[in-house]
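Taking it in order: structure first as structure tokens, then the write-up.
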Amino acid sequence: MKSLKVVQLLPDLNGGGVERGTLEVAKGLVDAGHSSLVISAGGRMVKQLEAEGSQHIAWDLGKKSLLTLRHVWALRRWLAAEKPDILHVRSRCRLDRLASLARNARK
């Protein structure tokens, strides 16, 4: 089976159900031989994430503000350079819109 590069995007890693689920999926991916990257503003769970083999990218994209849209082009460039197989947006915020705009900006 092909090794996948999976990116999970969420506001932060400070605790809670979404955050625990992110770590569980990340560990499962690494254990299965896939590449796991997590983009968030950081938090107390980053050390565990990295200790379990995932890469953390500190990027504060989860603020509930229109100013977050300023990251569309930078995220687009990052996605184009990294070429993830899967982009999993795990958020109660508007990260889904940001990711959609970034993905579609190249079309």
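Odds and ends about this structure:
- Verdict on residue 18 being β-branched (Val, Ile, Thr), within 14 Å of residue 88 (Cβ to Cβ), at pLDDT below 95 and part of a helix (DSSP H, G or I): yes
- Of all residues in region 67-88, those being surrounded by 12 or more Cβ atoms within 10 Å (Cβ to Cβ) and either touching a residue at least 40 places away in the same chain (Cβ under 8 Å) or not aromatic (Phe, Trp, Tyr) (or both) number 15.
- Looking only at residues in region 41-56 that are touching a strand residue (DSSP E or B) at 6+ places or on another chain (Cβ under 8 Å) and either of a type in the set (A, V, I, L, M, F, W, C) or modelled with pLDDT under 95 (or both), the one that is farthest from residue 25 (Cα to Cα) is 41.
- Inter-residue pairs, beta-carbon under 6 Å, first touching a residue at least 40 places away in the same chain (Cβ under 8 Å) and in region 26-37, second of a type outside the set (Gly, Ala, Ser), 6+ apart: 37/7; 37/55
- Restricting attention to region 57-66 and to residues that are at pLDDT below 85, surrounded by fewer than 15 Cβ atoms within 10 Å (Cβ to Cβ) and not hydrophobic (A, V, I, L, M, F, W, C), the residue that is farthest from the chain's Cα centre (by Cα) turns out to be 65.
- Just one of the listed residues (91, 36) is surrounded by 13 or more Cβ atoms within 10 Å (Cβ to Cβ) and not in a strand (DSSP E or B), namely 91.
The values are calculated or read from the model by the stated rules, or taken from the named source; none is laboratory data. What you are looking at is a predicted structure, and each value in this text was computed from that prediction instead of being measured. Neighbour counts run over all protein chains shown; Cβ positions are idealised from the backbone, glycine included.
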